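One structure is given below, encoded as structure tokens.
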Amino acid sequence: MGAIKGFTVKLRALLHRSAAERDLDDEIRFHIELETEKNIAAGMRPSEARRRALVAFGGVERHKEEHRDVRGVRWLGEIRADIRYTLRGLRRGPALAAAAIITLALGVGANTAIFSAVNAVILRPLPFPSPDRLVMLWEENAEKGWYENVAAPANYLDWREQVAAFKDVAAYNGFPGRATLTGHGHPHLLTVTRVTGNFFSVLGVHAQLGRTLRDAETWDTGSPVAVISDRLWRQNLGGDPGVVGRTIQLDGRAVQVVGVMPPSFAFPQSEIDAWLSTAWDPAARTQPSFRRAHWLRVVARLRPGISLDRANAELQTVVHRLQRDYPETNKVMGAGMTPLHRFLVGDTRLPLLVLMGAVALLLLIACANVGNLLLVRAAGREREAALRLALGAGRGRLVRQAITESLVLSALGGAAGLVLGWWGTHMLVALQLPAGMLPVRDVRVSWSVLGYVLAITTASGLLFGIAPAFWSGRRVPVEVLKEGGRSGSEGRRVRRWGDGLVVGEVALALMLTLGAGLLVRSYWQLQHVDPGFDPNGVLAVSLELPSTRFDTDDKTVAFYQELLQRLRALPGVSEAAAVLQPPLTGTAWTSDFAVAGWPAGEYGTEVAHQVVTPGYFHAMRVALRNGRVFSDADRKGTAPVVIINDVLARKYFRGQNPVGQRITFDKVPDSASTWYTIVGVVESEHQTALAIGPQIEVFAPFAQDGNNQTAMTLMLRTDADPASLAPSARRVIGAMDPDLVVTPLPMTAVLSKSLARPRFLTTLLLVFAAVGLTLAVVGVYGVMAQLARRRLREMGIRIALGARGAQVQWLVVRHGLRLVGAGVVIGTVVSLGATRALAALLYQVAPTDPATYVGVVGVLVATAVVATWVPAAAVSRADPAGVLRGE
């Protein structure tokens, strides 16, 4: 009971400090007054009686302190006093306070913004029930170089039916498509994907209006249905709550809306406007193409209590069974699984972690800088600290006061940094970020981010407060008071602390700048890669013809031929052609192939297919290496022909002339195989990205082998600004079909978009490196300025004894160069290992690239020399007489 009462008293003292203090004052006053009355009763005068009572009590303040110790709240009062003392000191030195707060704000702000992105993408769990039970299933094929590849529909169905460890398995199209929405104002081009009927139930999500798809709708029911996004519902359908059950026109086909998803649902991509059912034909299940074509992403939910290893073991059993049962398609086809969250993060993880490492280095540089500022402040108040020690203050109290000062500074800097970070987070979301860089919409300053900011702010305050705290607590009062106020009184210990912080700053800045330098060099290399075509003066116009009206090759070919003829007649258009998949945007599809005359069983794999109209190679300035290009004579009913790129020619026709040879796109040719004659070899375009070399590729003429390709991209070349062609192209296309959505984009923009990710990462890291380098140089300057000030008397004597200004100046510069040299050596050694983490982000640049290392070290040393030369030059101009009179 007594313990509970004691705890209650302490809790009241903590929560109601003023009331507790009043109670203590009343109690002390009662005791003194009672003793005074006793003395008066003994015959003393009132004044003497009160004096004797105070003497007998033994000191009011001492008893107060003892009582506070018993209550356990004395430390709280001391902290409050230390905070008030710190704030008064900051008001007296606003320049130092502002410098420290701004420096910390930069470091904390950068960390807040980047950690918000890392938290949203990497750390935050998926917004689905039991997300740890969701896995992505994928296929692999060593022969084709596949890993974590899309799956074949028939294989997906077998996994679903035969792996007991899965509660259920769903699939969606790994290549989202486009559909034109009509009947609601102007035509709108939507991003759509097809999903199996159990897609939403496997994820565990529900519609905000209506329902999601049903399992039976995986197969063709005769009534096309779709679930739409909240964005489509609000922006294009007016947010009508009665939309469920109604039909919308997608590519001219009536599709019934059965549900509207919540605004938070954005899977598999945030851009998806509608989820359509796969609506497969049940007869397709047994067709070879259903197991040969690979285009599905597969998501499975594990049964409760089933481990990932057990599920994978069961999956491998089924995989081996399929290899045995379907050797033609599955002989070397493997499969595996990855936790869904890890799979979705994918290659976004490394860039974000690199940025996180960069801002961590920036914060450490900021801490070192503030630590130096506080060292200077502690050295300036050295005599005050010595007097307090001599008068009985404890060293622990001085250390605690120094730590409190650093924590207050870090709190102010952290608050300012949080504001900067909040602004930076909004800037990250608002920027046109590269595709996949932030694969989530909800990037915000959440509670976890606030916890992170609190943690790094506290850690920073302790980190940069260590040096001045130790300095304040370890000085001997007698030595300090003997030294008086003479220059050099700070001693060698503070100089060593300051020098150590400078060395650390330089090393950290070098690491950060080296990382940025490597990315800059890599980006420069990418900018000078020949894409295989000339993007200047070309406008790319994407079109998607509705398959309901353009349901035959003849209709599609006739439309594009007439359209291209009209576009060529436009003023300023020198060439007009069409292509299935524009360069630098990926490949349409790939296949195996064989060449006539090859030995039985010999074949090639993963050749990319492209479809173009005559004039494409001229329009894109793709050089013809051998043979001829397509002409209007290459149409349906004539001998099948193709053109190959020079990568394919060099790899599979070395020492031969491929022109005139025949090729088929079957792994094992038979009587049903179609043979194509190679009529030309062209320069290789980069299909996916400049950082990825050209893939082997074949081109087919659109009029001959269009396969009803309704989605094509027009390529219009002009000598003027290609964007100026967009209005004219819209008018021509609109005159032919007013329901088509026209999407024009200069090819220079396509090229720039392919460089967006390395450019964004390089720019951001370069900004962080510039800030870090600036802080490091400022730190070098600050230490050298203090060194020059401490040695001012020495310099004055040297000059008075005949030393030249340059000699005096060199003493300071030499000391600075020693520190910079030590930092460069340490930073270089650490960077040799650390920069290897950037290897996957670099293009034709080694993580230990000598040119980058030499260049960055040169820049750092040059700026550091300037930072040491300025204070050294000032001290070398000192007037000896004035200095010695001052001493």
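The values are calculated or read from the model by the stated rules, or taken from the named source; none is laboratory data. Only a predicted model underlies this, so the values are computations on that prediction, with no experimental measurement involved. Cβ sites come from the backbone with ideal geometry, for glycine too, and all protein chains shown count toward neighbours. With ligands, DNA and RNA removed, areas are computed over all heavy atoms of the protein, side chains included. Shrake-Rupley method; radii C 1.70, N 1.55, O 1.52, S 1.80 Å.
So the values come out like this:
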read-out	value
Output for the range 699-734, where each listed residue is over 36 Å from the mean Cα position of the chain (by Cα) and not in a helix (DSSP H, G or I)	Phe699, Ala700, Pro701, Gly706, Asn707, Asn708, Gln709, Thr710, Arg717, Thr718, Asp719, Ala720
So Pro599, is it in contact (Cβ under 8 Å) with a residue 40 or more places away in the chain and open to solvent by 10 Å² or more (accessible area, probe 1.4 Å)	no
Residue match in the range 114-125 (condition: in contact with a strand residue (DSSP E or B) (Cβ under 7 Å, 6 or more places away or on another chain) and not in a helix (DSSP H, G or I))	no
Residue under evaluation Ala120, criteria (1) surrounded by 23 or more Cβ atoms within 10 Å (Cβ to Cβ); (2) in contact with a helix residue (DSSP H, G or I) (Cβ under 7 Å, 6 or more places away or on another chain), criterion not met	(2)
Search result, residues across the range 218-275 that are of a type in the set (Gly, Ala, Ser), open to solvent by 10 Å² or more (accessible area, probe 1.4 Å) and either part of a loop (DSSP other than H, G, I, E, B) or farther than 21 Å from Pro546 by Cβ (or both)	Gly222, Ser223, Gly238, Gly239, Gly242, Gly245, Gly252, Ser264, Ala266, Ser270
Inter-residue pairs, beta-carbon under 8 Å, first within 29 Å of Tyr603 (Cα to Cα) and in the range 144-165, second among the acidic types (Asp, Glu) and surrounded by fewer than 19 Cβ atoms within 10 Å (Cβ to Cβ), 6+ apart	Lys144/Glu606; Gly145/Glu606; Trp146/Glu140; Tyr147/Glu140; Glu148/Glu140; Asn149/Glu140
Some residue of the range 794-816 being over 30 Å from Pro351 (Cα atoms), modelled with pLDDT under 85 and within 37 Å of the chain's Cα centre (by Cα)	yes
Residue within the range 455-466 that is of a type in the set (S, T, N, Q) and modelled with pLDDT under 80 present	yes
Residue check for Arg297: outside any helix (DSSP H, G or I), modelled with pLDDT of 95 or more and open to solvent by 30 Å² or more (accessible area, probe 1.4 Å)	yes
Options Phe30, Phe57: the member that is of a type in the set (Phe, Trp, Tyr), surrounded by fewer than 14 Cβ atoms within 10 Å (Cβ to Cβ) and modelled with pLDDT of 60 or more	Phe30
Test: residue in the range 505-524 that is open to solvent by less than 60 Å² (accessible area, probe 1.4 Å) and in contact with a His (Cβ under 6 Å, 6 or more places away or on another chain)	no
Residues of the range 602-616 classified as part of a loop (DSSP other than H, G, I, E, B), over 30 Å from Ser574 (Cβ atoms) and in contact (Cβ under 8 Å) with a residue 12 or more places away in the chain, total	1
Among residues of the range 841-868, those that are touching a helix residue (DSSP H, G or I) at 6+ places or on another chain (Cβ under 6 Å) and open to solvent by 60 Å² or more (accessible area, probe 1.4 Å), counted	1
Number of positions in the range 231-268 that are polar (S, T, N, Q) and under 36 Å from the mean Cα position of the chain (by Cα)	3
Per-region count, the range 619-630, residues surrounded by fewer than 16 Cβ atoms within 10 Å (Cβ to Cβ) and closer than 24 Å to Asp719 by Cα	2
Condition check for Arg178: in a strand (DSSP E or B) and out of contact with any Lys or Arg (no Cβ under 6 Å at 6 or more places or on another chain)	yes
Where Val443 falls short, out of the listed (1) at pLDDT 75 or above; (2) within 17 Å of the chain's Cα centre (by Cα); (3) open to solvent by less than 20 Å² (accessible area, probe 1.4 Å)	(1)
Any pair with Cβ under 8 angstrom, 6 or more apart, that starts in the range 857-874 at a residue that is at pLDDT below 85 and ends at one that is of a type in the set (Phe, Trp, Tyr)	Ala867/Tyr781; Thr868/Tyr781; Val870/Tyr781; Pro871/Tyr781; Ala872/Trp810
Residue satisfying all of: in the range 169-221; in contact with a Phe, Trp or Tyr (Cβ under 8 Å, 6 or more places away or on another chain) and hydroxyl-bearing (Ser, Thr, Tyr); farthest from Ala151 (Cα to Cα) among these	Thr212
Residue pairs meeting the criteria (Cβ under 9 Å; at least 6 apart or on separate chains; first within 18 Å of Ser752 (Cβ to Cβ) and modelled with pLDDT of 95 or more, in the range 571-584; second in a strand (DSSP E or B) and hydroxyl-bearing (Ser, Thr, Tyr))	Pro582/Ser542; Pro582/Thr713
Test: residue in the range 530-542 that is closer than 22 Å to Ala623 by Cβ and either part of a helix (DSSP H, G or I) or free of Cβ contacts under 8 Å to residues at least 60 places away in the same chain (or both)	yes
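This table checks each residue for (1) open to solvent by less than 30 Å² (accessible area, probe 1.4 Å); (2) out of contact with any Lys or Arg (no Cβ under 6 Å at 6 or more places or on another chain); (3) modelled with pLDDT of 90 or more; (4) β-branched (Val, Ile, Thr).
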site: Ala311; (1), (2), (3), (4): yes, yes, yes, no
site: Pro339; (1), (2), (3), (4): no, yes, yes, no
site: Leu363; (1), (2), (3), (4): yes, yes, no, no
site: Ala366; (1), (2), (3), (4): yes, yes, no, no
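To keep it simple, each residue is scored yes or no on (1) at pLDDT 95 or above; (2) over 21 Å from Val612 (Cβ atoms); (3) aliphatic (A, V, I, L, M).
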site: Phe699; (1), (2), (3): yes, no, no
site: Asp705; (1), (2), (3): no, no, no
site: Leu714; (1), (2), (3): yes, no, yes
site: Ala723; (1), (2), (3): no, yes, yes
site: Val742; (1), (2), (3): no, no, yes
site: Met747; (1), (2), (3): yes, no, yes
